[in-house]
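Engineer: Encoded as structure tokens, here's the structure I'll be asking about.
Derivation of every value follows stated rules applied to the coordinates shown; laboratory data play no part. Note that the coordinates shown come from a computational prediction; the quantities given were computed from them, not determined experimentally. Please note: Cβ atoms are built from the backbone with ideal geometry, for glycine as well, and neighbour counts cover all protein chains shown.
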Amino acid sequence: MCKALEELEERGRQEGRLEGRLQGQIENKLKLIVKKIHKNKSFDQIVDELEEDADVVQPLYDFVLKHIDWGEDEMVQKYLENIE
């Protein structure tokens, strides 16, 4: 295989790994937010415990509140579909 094609394939693999890691981080945060909401924690407590900026947590928090009746896996799947 020519060098250019190998480089394109490698770049594609790297992008795929990065996307997978980012999705994993989002999934983890969503699941933590769900658990903390079920423990009746406030938004400010959740932000503090996640050690994130409120601007990062707010869209995740709002999505969870809107779809709190969904299961965690369904919630994660739908959120990831919406950001793609």
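Engineer: Who wins for biggest fluctuation among Q23, Q45, Q14 in a Gaussian network model of the chain, springs between alpha carbons below 10 Å?
Structural biologist: In the Gaussian network model the winner is Q14.
Engineer: Take the Cβ-Cβ distance between D73 and L22 as r, set R0 to 25 Å, and report the resulting FRET efficiency rounded to the nearest 0.05. All intermediate terms of the calculation are to be shown ahead of the outcome.
Structural biologist: On the way: r = 18 Å, r/R0 = 0.72.
The calculated FRET efficiency here is 0.90.
Engineer: Another one. Given the options V64, V34, V56, which has the most mean-square fluctuation in a GNM of the chain, springs set between C-alpha atoms less than 10 angstrom apart?
Structural biologist: V56
Engineer: Run the Debye formula on the Cα coordinates of the range 23-83, all scatterers equal and no solvent, and tell me log10 I(q)/I(0) at q = 0.18, 0.22, 0.25 1/Å.
Structural biologist: -0.54, -0.83, -1.08
Engineer: GluC sites (Glu not before Pro) within the range 1-82: which are DSSP loop residues with at most 12 other Cβ atoms inside 10 Å?
Structural biologist: E51
Engineer: Within the chain, how many lysine pairs that are 8 or more places apart, or on different chains, have C-alpha atoms less than 29 Å apart?
Structural biologist: Lysine pairs meeting the criterion: 17.
Engineer: Would you mind working out the magnitude of the charge dipole of the chain relative to its Cα centre, with +1 at each Lys and Arg C-beta and -1 at each Asp and Glu C-beta, to the nearest 20 Debye?
Structural biologist: The dipole magnitude comes to about 240 debye.
Engineer: Here's another thing I want to ask about it. For a Förster distance of 35 Å, can you work out the FRET efficiency between the beta-carbons of K31 and C2, rounded to the nearest 0.05?
Structural biologist: The value I calculate is 0.20.
Engineer: Of the trypsin sites (Lys or Arg not before Pro) in the chain, which ones lie in a loop per DSSP and count no more than 12 other C-beta atoms within 10 Å? Show your work: numbers first, answer last.
Structural biologist: On the way: sites: K3, R11, R13, R17, R21, K29, K31, K35, K36, K39, K41, K66, K78; in loops: K39, K41.
Hits after loop and neighbour filter: K39.
Engineer: Rounded to the nearest 0.05, what FRET efficiency do E49 and E10 give with R0 = 35 Å and r taken as the Cβ-Cβ distance? Could you check?
Structural biologist: 0.35
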